[in-house]
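Notes follow once the structure below has been shown.
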Amino acid sequence: MGRDNGKMIRTKDLTFWQKLYLPEVFKGLSLTLSQMFKPKFTYMYPEERFQPPSSFRGRPILVEENGVERCVACGLCSRVCPALAIEVQASETELEKERYPVRFEINMVRCIFCGFCEEVCPEEAIIMSKEYELVFSSQEEAIFGKERLLTPAEQVRERLEFLRNSR
Amino acid sequence: MATITINGTEFQVDAKSTIIEAARANGIHIPHFCWHPKLSVSGNCRMCLVEVEQMPKLLIACATQVADGMVVKTKSERVIQAQKAVMEFLLINHPLDCPICDEAGECKLQEYAYQYSVGYSRFEEDKVHKPKRVPLGPNVMLDVERCIMCSRCIRFSEEIAKQPVLTFTQRGTHVVLTTFPGSELDNPYSMNVIELCPVGALTSRDFRFKARVWEMAATESVCNGCARGCNMNIWTRNNEILRLTPRQNEEVNSSWMCDYGRLETFKHVNASERLSGPSVRVDRELRSIGWEETVSELASELRGFRKNEIAGIGSAYATNEDNFVFQRFIKEVLGSKHLDLLPHVIEQVEDDLLIKADRTPNSLGARNVGIEPSSGGLSASGIRNAINDGSIRALYVLEDDIAADPEWHSVLQKLRLLVVHSAVQNATTALAHVVLPASTYAEKHGTITNFQGRVQRLQPAVATSETDRRMDGLAASRWDKFSSKNDRWGRPVKFDARPSWRILVSVAAALGTRMKYNTAEDVFGEIANVVPVYRGMSFARIGSKGVLSKSSPVPVKT
Amino acid sequence: MDILIASTKIAVVLAAMLTSVVFLVLVERRMSAFIQNRIGPNRVGPYGLLQSVADVVKLLMKEDIVPAKANKPLHDLAPIISIAVAMTTFAVIPFGNAIELFGTTIKLQIADVNIGILYILAITSLGVYGLTLAGWSSNNKYSLLGGLRSSAQMISYELSMGLAIIGVILMAGTLRLDVIVEKQTEYLLGWLPAWNIFLQPVAFITFFIAAFAETNRLPFDLPEAEPELVGGFHTEYTGLKFGLFFLAEYMNMITASAIVVTLFLGGWHLPYADMLGLSGFALSILQVLTFCGKIVLVLLFFIAIRWTLPRFRYDQLMSLGWKVMLPLTLANALVTALILLAF
């Protein structure tokens, strides 16, 4: 089997040498053995850490601007979330946006990092960060409230630019 | 009758009807904003434009009467172009703040934007800015920017609620909906404009930003605010009632519901003064103990009285099932003749539209199933006097705050035993010796009978500690369906309360009488057997719109 | 005196085997990592040398879980059978020529049995009982399937294994392993070592393939087959008992390599070593080291094959065993016999 000019060619009948099997085994062996001397991909974590590119989908965060979240608690992220990880409770604010999330919780045990919430957000208020080191010692601890989600916009400038460019 | 052709199909229609009515009667939807079957025709939104053969221009279906031989096209190229143009005009100044707007999810403009609009905007200029967050009255909030000037609310206030306080001022794109100076939208039916409004211009102040509509589950039920029994939907999220909206039933409430019914009849279900778990008075203090202990204690207390020392007060707030089991309990189990209920009538509030003077939902039903003194028994005032002179020493009260009445309050203290079924803490539970927490109308199955004699179904919308939303078949939202104990929304507040009929069955069992009821439907099955006016009825036959009982005291308006 | 010598030999061989298992596991993990462009365990001790020690400690401290309704005595017995078989097979393998020590000549072979090959075949056949019993006693469908597969696989491949050896036995005219090795120390045409791999190439290949199947190594690890059977016969084993299976598997690998070396690769024979003019003692040590070196090479081949080839499908395994291996080995035995008869 192989690809040729984008056309799939299926070999139904094996040649005599392929049927003999042993030469193919040695071909395979030479491939695997040659891999042994190639450069390795392993990161020596914790000393050496992965620096994600801006396209990386780490844990979702809420963007904070001028001391308040951009979020207007429309609940679209909550609706679109395939794992039902997000819970939003809206309330009224005196600010021009009228509506804000009085409670915004992401159950990080449920979150699957798909980024749908970021994609659906009409306010660019929930975005995926670069943070991938998530450790909890209880179910309760895995529920992230506003205090852990809010991140100043300056800290996530890179991702915001990436989102704008990839639109 | 007239014969008209719509989209190539011939229909026999009422010669006096308009095109939109004729189409609707035959299941053809013509998009519309300003037209409403219960209101006068205004013809200002232009959304219902249709093509009529031999007419040079498109006609609005809501204001054109049918004629014999008329040929109508609702989906022709011209009509579709016109619909797109109308949608484009309407959306030019609409703020498109759906993420903030409470109407999102049940918005006619949103739906039509999907179905009849081009899907993008060519408008690059600044939108017109108008007042936002304007309270029109105590219950309704106005956002003028979202308004599409259909005038449904104006016509409703004039024609149905008879309070003509709304009007448009200014012209063109600057039109503003407002109340006349010095007046506000405060009629008893003001909140109906919220459902009438096809966009989010008029929203509920009570429900404002509480939840998105798709997060809630709706349960068909009946309002308990007065003897009308308006059909309604109970909207719950996370086991909490957030709003009540009218459900159409032409025999009872048309499409309307009063503000009192919408706002005042559900707050107690999730209130902090809800009773959870039974309690017994020990040394002047109410102590919470388990159901079994309470029931056995109550049974042994009740054994200590002679038959004519006990009396029962039924309830026009409770269901037919509760009252039926209650009268059996008082008359057969306790052997008392003294049984009655207290009426709650406020003559001044009654009007011609919906609101009834009888503030209880089931006074007729309670009487029908036998809440009345046996021959030789005492009526309510007689019971009160008998308590006062000491000949009645034990009183069993079903779901009614009788101590709210000062005359009763003063005599109740003389009782040796006061047993109360109640959903919330109130003046009567404060005096009671045994308090049994009863489920509210939103937590149980049952039937109530309105002033017309129409028997209507109540269905549980809120789970109690012994019911499970999914297992017991309550309406469930996506979040209800997929919750687990690890989620905050999987751990709703549940109260430890039971339907009164079930509490009574267990007390009767402790007193040695077995009543074979397992479900409210079992009780109603027996009611349908033994109460003549309900003969032959069943939960299935009552359905979602109710059934008129055999001897209805009031002729039904149609 | 004989008992002392015998028990010393047992202790030395057993200790050598156990330590080699420890390093074999590490080598396998590091080698697989390198093949997959990874690094592998390198944190415990220098270069990760103590990783296996950590694993052993972990296995010892783990809870021993026996499934409900499992047959507990058999569940306990199965890993013991496996490990006992793995340990005893090595007894007849000569790991060197005789050595002169303290004035006595000591044969570098624990038990000098005159039916050595038969002994090996008999003992390795017992090994399957361990796996089958483990699969059956666990009261788990995956375990049972794994157990059944291992019995079927063993029966199919033991036949070819035995038939492959027939050729070697015919050539040697004996079942004694030390004599078989002795025969291989000669030279063909004056320069080519008379190893059986050159005299019996077909037998070598078939025997080697059968050895893979007998040790349940990829591409023939169907009794375990993680993706389809969870863990096969050892699904329901934890802690020490799982450790015993694990140990047995690697000891079997070493034993199988030793048998391959003995039967086909000249055993302890290092070609032209006798021309170096070494003293008898030094030569003996060199021969033992040669034997070990050959085993290591075969083991590395075992490991490389595991991380190269995908697992056979069950029907492929059976058709290979019965339709290819069996006729091939039969023909080989027949041809060998005919040639020997003719000359």
Quiz prompt | Residue among A:Arg103, A:Arg49, A:Arg70 with the largest mean-square fluctuation in a Gaussian network model of chain A, springs linking Cα atoms under 10 Å | solution = A:Arg49
Self-check item: chain B - mean residue ellipticity at 222 nm from DSSP helices (-39,500 (n - 2.57) per run, n ≥ 4, rounded to 500)
Solution: -6500 deg cm²/dmol
Quiz item: Where does each of C:Glu214, A:Glu94 land when they are ordered by accessible area, with a 1.4 Å probe and the largest first?
Solution: A:Glu94, C:Glu214
Practice problem: Could you check the simple spin-label distance between C:Ile115 and B:Thr9, using points 7 Å along Cα→Cβ, in nm with one decimal? | Solution: 9.2 nm
Quiz item: For chain A, with the dipole built from +1 on Lys and Arg beta-carbon atoms and -1 on Asp and Glu ones, taken about the Cα centre, which of A:Val68, A:Ile112, A:Phe26 lies farthest toward the positive end?
Solution: A:Phe26
Self-check item: 3J(HN,Hα) from dihedral phi, the range A:47-53, Karplus parametrisation 6.51/-1.76/1.60, rounded to Hz, x for glycine, proline
Solution: 5, 10, 10, 6, 9, x, x
Exercise. Starting from the Cα-Cα distance between C:Phe198 and C:Leu240, subtract it from 0.36 nm times their residue separation and give me the gain in nm to one decimal.
Key: 10.8 nm
Quiz item: With charges only on Cβ, +1 for K and R and -1 for D and E, what is the dipole size of the protein assembly as shown about its Cα centre, in debye, rounded to 20?
Solution: 1320 debye
Quiz item: Taking the Cβ-Cβ separation of C:Phe343 and C:Val179 as r and a Förster radius of 22 Å, what is the calculated FRET efficiency to the nearest 0.05?
Solution: 0.65
Practice problem: With a/c under 1.5 counting as rounded, go ahead and sort the range B:2-92 into rounded, prolate or oblate using the C-alpha gyration tensor (a ≥ b ≥ c being the square roots of the eigenvalues; past the cut-off, prolate if a/b is larger than b/c, else oblate). | Solution: oblate
Quiz item: Once Lys and Arg get +1 and Asp and Glu get -1 on their Cβ, which of C:Asn42, C:Ala122, C:Val22 lies farthest toward the positive end of the dipole of chain C?
Solution: C:Asn42
Quiz item: For chain C, what is the relative contact order in percent, using Cα pairs closer than 8 Å and at least 6 residues apart in sequence?
Solution: 23 percent
Quiz prompt | Residue list for the range B:483-509, given a label point 7 angstrom along the Cα-to-Cβ vector of B:Ser465 and an amide N cut-off under 16 Å | solution = B:491-499, B:503
Practice problem: State the extension gain, in nm to one decimal, for the chain segment bounded by B:Arg541 and B:Ser17, taking 0.36 nm per residue of separation less the distance between their alpha-carbons. | Solution: 185.3 nm
Quiz item: Taking C:Lys69 as the anchor, which aspartates and glutamates have their alpha carbon closer than 19 Å to its alpha carbon, excluding any fewer than eight residues away along the same chain?
Solution: C:Glu236
Quiz prompt | At R0 = 30 Å, FRET efficiency that the Cβ-Cβ distance of B:Lys516 and B:Ser288 yields, to 0.05 | solution = 0.50
Self-check item: Placed amide H near A:Leu150: partners under 5 Å, 5+ positions off or other chain
Solution: A:Leu62
Practice problem: Once you have a ≥ b ≥ c as the square roots of the Cα gyration tensor eigenvalues for the protein assembly as shown, tell me rounded if a/c is under 1.5, and otherwise prolate or oblate according to whether a/b is larger than b/c. | Solution: prolate
Self-check item: Heavy-atom accessible area order for B:Asp468, B:Asp102, B:Asp358, largest first, 1.4 Å probe
Solution: B:Asp468, B:Asp358, B:Asp102
Self-check item: 3J(HN,Hα) from dihedral phi, the range C:141-149, Karplus parametrisation 6.51/-1.76/1.60, rounded to Hz, x for glycine, proline
Solution: 5, 5, 4, 4, 4, x, x, 4, 4
Quiz prompt | Longest to shortest principal axis, alpha-carbon extents of the range C:1-53, angstrom | solution = 53, 20, 10
Practice problem: Starting at the first residue of the range C:32-43, write each ³J(HN,Hα) from the Karplus equation 6.51 cos²θ - 1.76 cosθ + 1.60 with θ = phi - 60°, in whole Hz, x for Gly and Pro. | Solution: 4, 4, 5, 4, 9, 6, 10, 10, x, x, 9, 9
Quiz item: Across the Cα atoms of the range C:222-269, what radius of gyration and what greatest pairwise Cα-Cα distance (Dmax) are found, in Å?
Solution: 14.8, 44
Practice problem: Taking the Cα centre of the range B:2-92 as origin, work out the dipole magnitude from +1 charges on Lys and Arg Cβ and -1 charges on Asp and Glu Cβ, in debye rounded to 20. | Solution: 260 debye
Quiz item: Rounded to whole Å and sorted largest first, what semi-axes of the equivalent ellipsoid does the C-alpha gyration tensor of chain A yield via the square root of 5 times each eigenvalue?
Solution: 48, 20, 16
Practice problem: Report the calculated FRET efficiency for B:Ser76 and B:Lys127 (r = Cβ-Cβ distance, R0 = 35 Å), to the nearest 0.05. | Solution: 0.65
Quiz prompt | Nitroxide proxy distance, nm - points 7 Å out along Cα→Cβ at B:Val118 and C:Leu4 | solution = 10.7 nm
Practice problem: Check cross-link reach from C:Lys241 to the aspartates and glutamates: straight Cα distance under 20 Å, and skip same-chain residues fewer than eight apart. | Solution: C:Asp55, C:Glu63, C:Asp64, C:Asp76, C:Asp221, C:Glu224, C:Glu226, C:Glu249
Exercise. Beyond 26 Å, what share of the Cα-Cα pairs of chain C is found? Please give it as a whole percent.
Key: 52 percent
Quiz item: What is the set of long-range amide H partners of B:Ser465 at a cut-off below 5 Å, with H atoms built 1.01 Å from backbone N?
Solution: B:Phe495, B:Asp496, B:Ala497
Practice problem: Using a Gaussian network model of chain A whose springs link C-alpha atoms within less than 10 Å, name the residue from A:Gln51, A:Gln35, A:Gln18 with the highest mean-square fluctuation. | Solution: A:Gln18
Exercise. Once you've got the GNM for chain C with C-alpha springs shorter than 10 Å, pick whichever of C:Leu229, C:Leu177, C:Leu299 has the biggest mean-square fluctuation.
Key: C:Leu229
Quiz item: What are the lysines whose alpha-carbon lies under 18 Å from the alpha-carbon of B:Lys485, with same-chain residues fewer than 8 places away excluded?
Solution: B:Lys494
Quiz prompt | Largest to smallest accessible area among C:Glu228, C:Glu63 [probe 1.4 Å] | solution = C:Glu63, C:Glu228
Quiz item: Using only Cα atoms, what is the ratio of the radius of gyration of chain B to 2.2 N^0.38 Å?
Solution: 1.13
Quiz prompt | Which of B:Ser279, C:Leu144, B:Val213, positive extreme of dipole for the protein assembly as shown (C-beta unit charges) | solution = C:Leu144
Self-check item: In the range B:497-546, chymotrypsin sites (Phe, Trp or Tyr not before Pro) in a DSSP loop with at most 10 other beta-carbon atoms within 10 Å
Solution: none
Quiz item: Which percent of the Cα-Cα distances in the range B:124-270 go past 29 Å?
Solution: 20 percent
Quiz item: Here are some pairs, A:Lys146/B:Lys127; B:Lys356/B:Lys414; A:Lys130/B:Lys127; B:Lys267/B:Lys356; B:Lys267/B:Lys337; which of them have Cα atoms lying more than 29 Å apart in this structure?
Solution: A:Lys146/B:Lys127; B:Lys356/B:Lys414; A:Lys130/B:Lys127; B:Lys267/B:Lys337
Practice problem: Quick one: dipole size for chain C, taken about the Cα centre, charges +1 on Lys/Arg Cβ and -1 on Asp/Glu Cβ, in debye to the nearest 20. | Solution: 660 debye
Quiz item: What are the chymotrypsin sites (Phe, Trp or Tyr not before Pro) within the range C:218-288 that DSSP puts in a loop, where the Cβ has at most 14 other Cβ atoms within 10 Å?
Solution: C:Tyr272
Exercise. Would you mind classifying the range C:298-343 by shape? Square roots of the alpha carbon gyration tensor eigenvalues, ordered a ≥ b ≥ c; an a/c under 1.5 is rounded, otherwise it is prolate if a/b is larger than b/c and oblate if not.
Key: oblate
Quiz item: In the neighborhood of B:Ser484, defined by Cβ-to-Cβ distances under 10 Å, what is the net charge if each Lys or Arg adds +1 and each Asp or Glu adds -1?
Solution: +2
Quiz item: How far apart, in nm, are two points set 7 Å out from the Cα along the Cα-to-Cβ line at B:Lys550 and at B:Val493?
Solution: 4.5 nm
Self-check item: Cβ-based net charge around C:Leu50, under 14 Å, with every Lys or Arg adding one and every Asp or Glu removing one
Solution: +3
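The values are calculated or read from the model by the stated rules, or taken from the named source; none is laboratory data. Being a predicted model, the structure only gives us computed values, none of them experimental. Because the Cβ atoms are built from the backbone with ideal geometry, glycine has one as well, and the counts that use them run over all protein chains shown. SASA here: full protein model, heavy atoms, side chains in, ligands and nucleic acids out. Shrake-Rupley method; radii C 1.70, N 1.55, O 1.52, S 1.80 Å.
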